[in-house]
Amino acid sequence: MSVVNSCRDRIANWTLRLVCSCIVLSMARERTRSKVHAAALSLAGDRPMAAITMEGIAARAGVSKQTLYRSWSSTGDILFDALLARSLDETGS
């Protein structure tokens, strides 16, 4: 096997592993996002908006606060995103 073929095979394998990792990560992020949305909407139904905290959402979703803060800066952002996602799901857009 030539050096060129060997390098090409290594690059192809590396690329395939990278693509597979990205797909798995994307699926995990979508599952986490869904859990966070469900937790936020559930809390919004249980208590006044002022009583909803990042800690409460994280606990109900089973994720860390750090996970929340990677994507959202406040509870309002999470609730807006959850309501937007729900409306898009209902309209099929």
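Using a simple spin-label model with points 7 Å from Cα along the Cα→Cβ vector, what separation in nm is obtained for Lys35 and Ser71?
For the pair Lys35/Ser71, the computed spacing is 1.1 nm.
Give me the distance in nm between label points sitting 7 Å out from Cα along the Cα-to-Cβ direction at Ala59 and Ala12, one decimal.
5.4
Sorted by accessible area (1.4 Å probe), largest first, how do Leu83, Leu88, Leu68 line up?
Result, largest first: Leu83, Leu88, Leu68.
What is the magnitude of the charge dipole of segment 24-93 about its Cα centre, with +1 placed on the Cβ of each Lys and Arg, -1 on the Cβ of each Asp and Glu, and no other charges, expressed in debye to the nearest 20?
Rounded to the nearest 20 debye, it is 240 debye.
Just to make sure I understand: if all protein chains stay in place, what is the order of Asp81, Asp9, Asp46, Asp89 by accessible area at 1.4 Å, largest first?
Asp89, Asp46, Asp9, Asp81
The values are calculated or read from the model by the stated rules, or taken from the named source; none is laboratory data. Predicted, not measured: the structure shown is a model, and the values here were computed from it. Every residue, glycine among them, receives a Cβ derived from its backbone with ideal geometry; neighbour counts consider all protein chains shown. Just so you know, the surface numbers come from the protein's heavy atoms only, side chains and all, with ligands and any DNA or RNA stripped out. Shrake-Rupley method; radii C 1.70, N 1.55, O 1.52, S 1.80 Å.
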